[in-house]
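The values are calculated or read from the model by the stated rules, or taken from the named source; none is laboratory data. Remember, it's a predicted structure, so these values are computed and weren't measured experimentally. Positions of Cβ are backbone-derived with ideal geometry, glycine not excepted, and every protein chain shown enters the neighbour counts.
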Amino acid sequence: MTEAKKTPLLDELEKGPWPSFVTEIKKAAANSPSAQDLLGQLELSYEDKRGHWKHGGLVGVMGYGGGVIGRYSDIPEQFPNVEMFHTIRLNQPSGWYYNTKALRQICDLWEKYGSGLTNLHGSTGDLVLLGTRTENLQPFFDEVSNLEEHPFDLGGSGSNLRTPSCCAGPARCEFALIDTTDLCHDLTNEFQDYLHRPMWPYKSKIKISGCPNDCVASIARSDFSIQGTWRDDIKIDQEAVRAYVAEGFDIQGLVIDKCPTKCMSWDGNELTIDNANCTRCMHCINKMCKALRPGDDRGATILIGGKAPILQGAMMGWVIIPFMKLEPPYTELKEFLEKAWEWWDENGKTRERIGELILRLGMRNFLRAVGLEPVPQMVNAPRANPFFFWWPEETVQD
Amino acid sequence: MAQARTDIGPPLYKDMLPPICKENYGKWRYHEIIKPGVLVHVSETGAKLYTVRAGSPRLVSIQFIREICDLADKYCGGYLRFTSRHNVEFLVSEEANVEPLLAELAAKKIPVGGTGNSITNIVHTQGWVHCHTPATDASGIVKSVMDELFEYFTTMKLPAKLRIALACCLNMCGAVHCSDIAILGIHRTVPKIDHENLHKMCEIPTLTASCPTAAIRPNPKLKSIDIKADRCMYCGNCYTMCPSVQIIDPKNDAVSIWVGGKISNSRIGPRFSRLAIPFLPNNPPRWPEVVEAVKHLVEVWAANAQPGERMAEWIERISWEKFFEITGLPFTDKHIDDFTLAQTTFRCTTQFKW
């Protein structure tokens, strides 16, 4: 093991009440030379204010193009044990539920093959294992995928389908309007090939939230945002409403006045909702979940195009299918995804996300390609400029 | 050694659920926050599931995982989960186990909180710990900010929930762009070109195409490229495509702060965070300027917002011009957009405030 170096700057980050990642690296460093050298290299980064990881590096396991991210130190002579320090993404179970046996198995294997450091979890949702050498990748994967109980597969990286993720769902949350955990598991399995073999212009992400509270931030962080919703009336338990008020709950200030569409009223005894004007924002249900429940005609709104800034700036998902019933085997959704990906794959430039392609070629082309009718729910307002296209068949051709 | 089994997919979530979740799947009726960090979900069957939410540094060792597994074995029948913001959630089906679990967590200095009107874990990226393109560290800033805002994790005294996120460069692996407060590492100088090696390591057409502002053009003489400096906005996309255009610049890389974004559709809809502070120095190990700025924003909002008003709702009510006045932050030319769709942010009415 490389001799333990002093880390005065990092030691500062062990002070204070919040749990310290430095303490975590030190814990791992007690048994792991690579965690020890990570600490040394990070201390140097803190001194000279720059990272010390080399750019790029292709590594992987047999049969896969993604799931492992190569990482090499740019100062291996100083820190030989992090000369290679690759990341492995493991596909997490839906909703990030675990039994301890599954987690302990990962810990044992990561003790054997890796640095002992992890992220629970990465931003896309995977169980992320930080730091191993190239020669350990295949043996680790051979073992983790052959575990007798709860074997794990790799997640996505590169220009492929990134590991889908979803919220806590119906296993723990009363707001789940679709079966997010089942849908996430089903889609992940259905599209294994897209997930493991990068062949697209760029990444494509799916995130699934059970209700419009969007706990997995799907609208901002995924090309395909699936959010549970309902079409019929909010269910009111008037007795329970009165109980809230009797307990001193400020129904006027905290619920009625905060309704974005002003579709609610309270006469001191009865709560009335003008459901035709409700936009299902969830606020009243969030505030009074004992008394109010979403309706029974449940499904999801599908939004498309969400992404972070690279390349053309940050985008939020746009409503593309205002309502879709989502029940196994989710055929309609899968057909839509296949059509959208095919159009993007055919037309997209390298590193162009589907939202950027839609902006470049026009929403009308996308809608036609996937066979969707335009509806007012797709826009905040119709266009304000008079420059618009016609299809050839809509005008008289000479 | 057996051969790897490929394309087996993730472990089945149903095998990871405590019996109470399986029995009450889709039957949960309502939930309450009993106290900061402790939720109870009540089923139509009358069953009650307690959730104890704990803070995590996200970058955790296997020793930490084994430690929380020990707690889950002792108090939760061997089950736990993680949230989308990387908190640990202990799923407790026996009410009697809640207090002993809280006591053990306290003894281990694992904080409990992050529910209701509070700050939860700060979603963040890898920074200097493990990323190859960062403008700043991630975990170090997050640790420093959370130490300072600790009381807002363990209590629910804020006007509404507050979501802070950090991304160490504009790639935004942390997708911070819709957060109440976003901390974002930025570069501020044009990449330095290594003409010697560029053609050996990079595809020039891919590289020129990677620039959102068309600042990059081929230089056939050198078998390399040129960068038109006055067009470069330092996004770093070219560096991601090609290591021979080095954008990392320790003297100039810095931190910016963004405010007023949100995700949820609750009340006002999702919206992007907007630039509040274009530059703060990169000062490890504790980033005092960043910590001070975030704390200031939290406290100004907390002092001025109405009950239930998130940062975005508060700003929408008072206006951006008042936001800059109340926070005392200088408004600069950096705050006026000059990228794609900039004009959508220009004011087209005489209705404004002094």
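I'm trying to understand the selection: among the residues of segment B:200-209, which are charged (D, E, K, R) and either assigned to a helix (DSSP H, G or I) or at pLDDT 95 or above (or both)?
Within segment B:200-209, B:Lys200 is the sole residue that qualifies.
Out of all the residues in segment B:114-129, is one or more modelled with pLDDT under 95 and out of contact with any Lys or Arg (no Cβ under 7 Å at 6 or more places or on another chain)?
No, segment B:114-129 has no match at all.
Assuming B:Lys192 fulfils every condition listed in (1) basic (Lys, Arg); (2) away from every other protein chain (no Cβ under 11 Å); (3) within 13 Å of the chain's Cα centre (by Cα) apart from one, which condition is it?
If we test B:Lys192 against (1) basic (Lys, Arg); (2) away from every other protein chain (no Cβ under 11 Å); (3) within 13 Å of the chain's Cα centre (by Cα), just (3) comes out false.
For residues that are over 19 Å from the mean Cα position of the chain (by Cα) and in contact (Cβ under 8 Å) with a residue 12 or more places away in the chain, scanning just segment B:254-283, find the one that is surrounded by the most Cβ atoms within 10 Å (Cβ to Cβ).
B:Arg267
Could you say which residue among B:Pro19, B:Pro57, B:Pro36 is surrounded by fewer than 16 Cβ atoms within 10 Å (Cβ to Cβ) and touching a residue at least 24 places away in the same chain (Cβ under 8 Å)?
It is B:Pro19.
I'd like the full set of residues that are over 22 Å from B:Ala214 (Cβ atoms) and more than 14 Å from chain A (Cβ to nearest Cβ), limited to segment B:334-354.
B:His335, B:Phe346, B:Arg347, B:Thr349, B:Thr350, B:Gln351, B:Phe352, B:Lys353, B:Trp354
Please go through segment A:283-315 and pick out each residue that is among the β-branched types (Val, Ile, Thr), closer than 30 Å to A:Gly355 by Cα and either in contact with a Pro (Cβ under 7 Å, 6 or more places away or on another chain) or within 12 Å of chain B (Cβ to nearest Cβ) (or both).
If the condition is that a residue be among the β-branched types (Val, Ile, Thr), closer than 30 Å to A:Gly355 by Cα and either in contact with a Pro (Cβ under 7 Å, 6 or more places away or on another chain) or within 12 Å of chain B (Cβ to nearest Cβ) (or both), then A:Thr301, A:Ile310 are the ones that fit.
When you scan segment A:146-178, how many residues do you find that are within 16 Å of the chain's Cα centre (by Cα), facing another protein chain (nearest Cβ under 10 Å) and assigned to a loop (DSSP other than H, G, I, E, B)?
5
How many residues are outside any helix (DSSP H, G or I) and over 19 Å from the mean Cα position of the chain (by Cα) when one looks only at segment A:117-145?
Result for segment A:117-145: 6.
What's the number of the only condition in (1) farther than 21 Å from A:Val144 by Cβ; (2) more than 10 Å from chain B (Cβ to nearest Cβ); (3) surrounded by fewer than 23 Cβ atoms within 10 Å (Cβ to Cβ) that A:Val59 fails to meet?
Going through the list (1) farther than 21 Å from A:Val144 by Cβ; (2) more than 10 Å from chain B (Cβ to nearest Cβ); (3) surrounded by fewer than 23 Cβ atoms within 10 Å (Cβ to Cβ), A:Val59 breaks only (1).
Of all residues in segment A:97-126, which are at the interface with chain B (Cβ under 9 Å from one of its Cβ atoms) and under 18 Å from B:Cys173 (Cβ atoms)?
Selection gives A:Leu117, A:Thr118, A:Asn119, A:Leu120, A:His121, A:Gly122, A:Ser123, A:Thr124, A:Gly125.
Given (1) touching a helix residue (DSSP H, G or I) at 6+ places or on another chain (Cβ under 7 Å); (2) within 11 Å of chain A (Cβ to nearest Cβ); (3) modelled with pLDDT of 95 or more, where does B:Ile181 come up short, assuming only one miss?
Just one mismatch for B:Ile181, condition (2).
Can you pull out every residue in segment B:98-114 that is buried (at least 18 other Cβ atoms within 10 Å of the Cβ) and either touching a Pro at 6+ places or on another chain (Cβ under 6 Å) or farther than 17 Å from A:Trp18 by Cβ (or both)?
B:Val98, B:Leu101, B:Leu102, B:Gly113
I need the full set of residues from segment A:75-96 which are within 9 Å of another protein chain (Cβ to nearest Cβ) and either touching a helix residue (DSSP H, G or I) at 6+ places or on another chain (Cβ under 6 Å) or not β-branched (Val, Ile, Thr) (or both), in order please.
A:Phe85, A:Leu90, A:Asn91, A:Gln92, A:Pro93, A:Ser94, A:Gly95, A:Trp96
Check A:Tyr64, A:Tyr98 and return the single one that is at pLDDT 95 or above, touching a Lys or Arg at 6+ places or on another chain (Cβ under 8 Å), hydroxyl-bearing (Ser, Thr, Tyr) and not in a loop (DSSP other than H, G, I, E, B).
A:Tyr98
List the number of the failed condition for A:Trp96; all other conditions in (1) more than 16 Å from B:Ser56 (Cβ to Cβ); (2) of a type outside the set (Gly, Ala, Ser); (3) buried (at least 22 other Cβ atoms within 10 Å of the Cβ) hold.
Going through the list (1) more than 16 Å from B:Ser56 (Cβ to Cβ); (2) of a type outside the set (Gly, Ala, Ser); (3) buried (at least 22 other Cβ atoms within 10 Å of the Cβ), A:Trp96 breaks only (1).
Which residues, counting only those in segment B:150-178, are of a type in the set (S, T, N, Q) and modelled with pLDDT of 95 or more?
B:Thr154, B:Thr155
Evaluate segment A:48-55: report whether one residue or more is free of Cβ contacts under 8 Å to residues at least 24 places away in the same chain, over 30 Å from B:Met201 (Cβ atoms) and in contact with a Gly (Cβ under 9 Å, 6 or more places away or on another chain).
There is no residue in segment A:48-55 that is free of Cβ contacts under 8 Å to residues at least 24 places away in the same chain, over 30 Å from B:Met201 (Cβ atoms) and in contact with a Gly (Cβ under 9 Å, 6 or more places away or on another chain).
Select, from A:Tyr97, A:Tyr113, the only residue that is hydroxyl-bearing (Ser, Thr, Tyr) and in contact (Cβ under 8 Å) with a residue 40 or more places away in the chain.
The conditions single out A:Tyr97.
So, restricting to strands (runs of 3 or more DSSP E) that lie completely within segment B:210-272, which ones have at least 1 residues that are in contact with an Asp or Glu (Cβ under 6 Å, 6 or more places away or on another chain), more than 10 Å from chain A (Cβ to nearest Cβ) and over 30 Å from A:Val216 (Cα atoms)?
The qualifying strands (runs of 3 or more DSSP E) are B:216-219.
I'd like to check something: does segment A:33-43 contain any residue that is within 30 Å of A:Lys203 (Cβ to Cβ) and in contact with a Pro (Cβ under 8 Å, 6 or more places away or on another chain)?
no
Scanning for something in a loop (DSSP other than H, G, I, E, B), within 7 Å of chain A (Cβ to nearest Cβ), closer than 19 Å to A:Cys184 by Cβ and not β-branched (Val, Ile, Thr), does segment B:20-35 turn up at least one residue?
yes
Given the criteria in contact with an Asp or Glu (Cβ under 6 Å, 6 or more places away or on another chain) and surrounded by fewer than 20 Cβ atoms within 10 Å (Cβ to Cβ), does B:Pro159 qualify?
Yes: the conditions hold for B:Pro159.
Determine whether B:Cys168 is touching a Pro at 6+ places or on another chain (Cβ under 7 Å) and crowded, with 18+ Cβ neighbours inside 10 Å.
yes
Going through segment A:3-24 one residue at a time, which ones are more than 7 Å from chain B (Cβ to nearest Cβ) and crowded, with 24+ Cβ neighbours inside 10 Å?
If the condition is that a residue be more than 7 Å from chain B (Cβ to nearest Cβ) and crowded, with 24+ Cβ neighbours inside 10 Å, then A:Val22 is the only one that fits.
Show me the strands (runs of 3 or more DSSP E) entirely contained within segment B:49-149 in which 3 or more residues are at the interface with another protein chain (Cβ under 8 Å from one of its Cβ atoms) and farther than 30 Å from B:Glu299 by Cβ.
Fully inside segment B:49-149 and qualifying: B:79-82.
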